[in-house]
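Undergrad: Take this structure first; my questions come after.
Just so you know, all these numbers are worked out from the coordinates, no wet-lab data involved. Just so it is clear, the model here is predicted, and its values are computed rather than measured. Virtual Cβ from ideal backbone geometry, glycine too; neighbours counted across all protein chains shown.
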Amino acid sequence: MKRAFILVEGQTEETFIRDVLVPHFAPRGLHLVPISVSTKRIKNGGKFRGGVISYRQVESDLRPLLGDSDVSMVTTMLDYYRLPKDFPGMDSLPGSARPRKRVRHLERALEEEMNDRRFRAYFSLHEFEALLLAEPTTILSTLSKAKNRAFLNGLSAPPEEINDGETTHPAARIEKVDKTYRKALHGPLIANRIGLPKIRKECPHFAKWIGKLESVASKS
C-alpha cells in the first residue's frame with residue numbers, strides 16, 4: 001500500500017484524518033499518516049507536539065519526512081489563520097487578492113522551498129473550523145449548549161471565504177454558539193457527522209487537496 005505523510009497542526013487534524021479521511025483512502029490503496037508539528041525538544045530527547053510557531057519548526061519536520069524514499073506523497077494540513085510571518089511567500093503575499101489566491105501563493109512558495117516533486121502543500125482556509133461551517137446545522141445539533149441559532153445568519157459566503165478577523169474567524173463564530181466547544185473533541189466529531197462528500201462540495205480549496213491525494217492513490 002502506498003503511504004502519504006501529512007504534517008498537521010495538532011490532535012484535531014490527526015483525529016480528522018484518522019476518522020474521516022483514512023476510511024476514504026484506505027480502500028483506494030493509500031495509507032495516510034498524520035504527524036503533528038513538533039514544538040520543542042525535552043530533556044529525554046522527545047518532543048512536545050502541536051501548534052505552529054515558526055517556519056523553521058515546520059521545515060525541520062518536513063525534511064526528514066521527505067527523506068523517506070518509500071513515501072509517495074508528503075503534504076501539510078496547517079491553518080492559514082495566524083500563520084507565522086517567516087513562512088516562504090509571506091513577504092510577497094498579494095494582500096488585495098481573494099483569500100484562496102493568497103493561500104495558493106503560500107502553498108506554491110512552500111513547494112518551491114521544499115523542492116521535491118512528492119511534496120504538495122495545503123493550508124486550511126482560514127482554519128480547520130471552516131470545514132465545519134459546510135453544514136452549520138450539524139454544529140448546532142452536536143454542541144449540547146448550542147442555542148444561538150442566529151449563528152446561521154451571515155454565513156452566506158462559502159465556508160472557506162469566511163474571514164480571519166479576531167472575533168469572526170470560523171472557530172470564534174462556533175465558540176459564540178457554545179463556549180464549551182473544544183476543537184480537538186468536537187471538531188472531528190462534527191466533521192464526521194457532516195461527511196466528506198458535503199465538506200468537499202462546500203469547500204473547493206479543500207476539495208482540490210483531496211483530489212491531489214486521490215491522484216496519488218490512482219497512480220500505478
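Undergrad: When the expected Rg is taken as 2.2 N^0.38 Å, what fraction or multiple of it is the alpha-carbon Rg of the chain? List each step's numbers first, then the result.
TA: Details: Rg = 17.2 Å, N = 220, 2.2 N^0.38 = 17.1 Å.
Scaled against compact globular proteins, the figure is 1.01.
Undergrad: At 222 nm, what value in deg cm²/dmol follows for the chain if DSSP H runs of at least 4 each add -39500 (n - 2.57) and the sum is divided by all its residues, to the nearest 500? Let's see the in-between values first.
TA: Details: 10 runs with 91 residues, N = 220.
Taking each H run of at least 4 residues, the total per residue is -11500 deg cm²/dmol.
Undergrad: Okay, moving on. Which loop GluC sites (Glu not before Pro) in segment 65-170, with loop taken from DSSP, have no more than 15 other Cβ atoms within 10 angstrom of their Cβ? Let's see the in-between values first.
TA: Details: sites: 107, 111, 112, 113, 127, 129, 160, 161, 166; in loops: 127, 166.
Counting only loop positions with at most 15 other Cβ atoms within 10 Å, the GluC sites (Glu not before Pro) in segment 65-170 are 166.
Undergrad: Quick one: helix 183-194 against the long Cα principal axis of the chain, what's the angle to the nearest 10°, folded into 0 to 90?
TA: Computed tilt is about 80 degrees.
Undergrad: Of 195, 67, 89, which is the most mobile in a GNM of the chain whose springs link Cα atoms less than 10 angstrom apart?
TA: 67
Undergrad: Okay, moving on. Hey, what angle do you get for helix 99-114 against the long axis of the chain, alpha-carbon based, 0 to 90 degrees rounded to 10?
TA: Long axis of 99-114 versus the principal axis of the chain: about 20 degrees.
Undergrad: Can you give me the distance in nm between label points at residue 101 and residue 31, each placed 7 Å from the Cα along the Cα-to-Cβ direction?
TA: Those two pseudo-labels are separated by 4.2 nm.
Undergrad: Residues with beta-carbon under 9 Å from that of residue 71, excluding residue 71: net charge, scoring Lys, Arg +1 and Asp, Glu -1?
TA: In short, +1.
Undergrad: Just to be sure I follow the definition: excluding the sites themselves, where is the longest run in the chain that has none of the trypsin sites (Lys or Arg not before Pro) in a DSSP loop with at most 13 other Cβ atoms within 10 Å?
TA: 1-42
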